[in-house]
Amino acid sequence: MIDKNEELKHTVTIEDRKVMIVTGVQKVKSFDTKEIIMDTFKGGLVVKGNNLGIKNLNLAETEVEIEGHIDIVNYQITRSPDSESKSVWERIFK
């Protein structure tokens, strides 16, 4: 089991665009051979590529190991409810 001090730690390690190890994973939301979506301690994370697969999933240690050809690693932007409902102009000219 993880220590409280380690609980919010999040790392991403990619080896030769073929193997990716992610720590700080709370939940894997969905996955297929082209896309894996997960929640981490630092926000949503999307991995895109080809022939992707989850080699190892250890949520007790908050770690996921992904294999395949990794093309894109992208953090999802989290927005506040106020910013979603207002247009850009409304936010500029308060």
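The values are calculated or read from the model by the stated rules, or taken from the named source; none is laboratory data. Quick caveat: nothing in here was measured; it's all calculated off a predicted structure. FYI the Cβ positions are ideal-geometry reconstructions off the backbone, even for glycines, and counts take in every protein chain you see. Side chains are part of the model used for accessible areas, which takes the heavy atoms of the whole protein and leaves out ligands, DNA and RNA. Shrake-Rupley method; radii C 1.70, N 1.55, O 1.52, S 1.80 Å.
Before moving on, here are some points about what is shown:
- The slack between Thr13 and Glu67, meaning 0.36 nm per residue of separation minus the straight C-alpha distance, is 18.2 nm.
- Heavy-atom accessible area ranking, 1.4 Å probe, most first, across His10, His69: His69, His10
- Projected label distance in nm at Ser30 and Asn50, using a 7 Å step from Cα toward the beta-carbon: 2.2 nm
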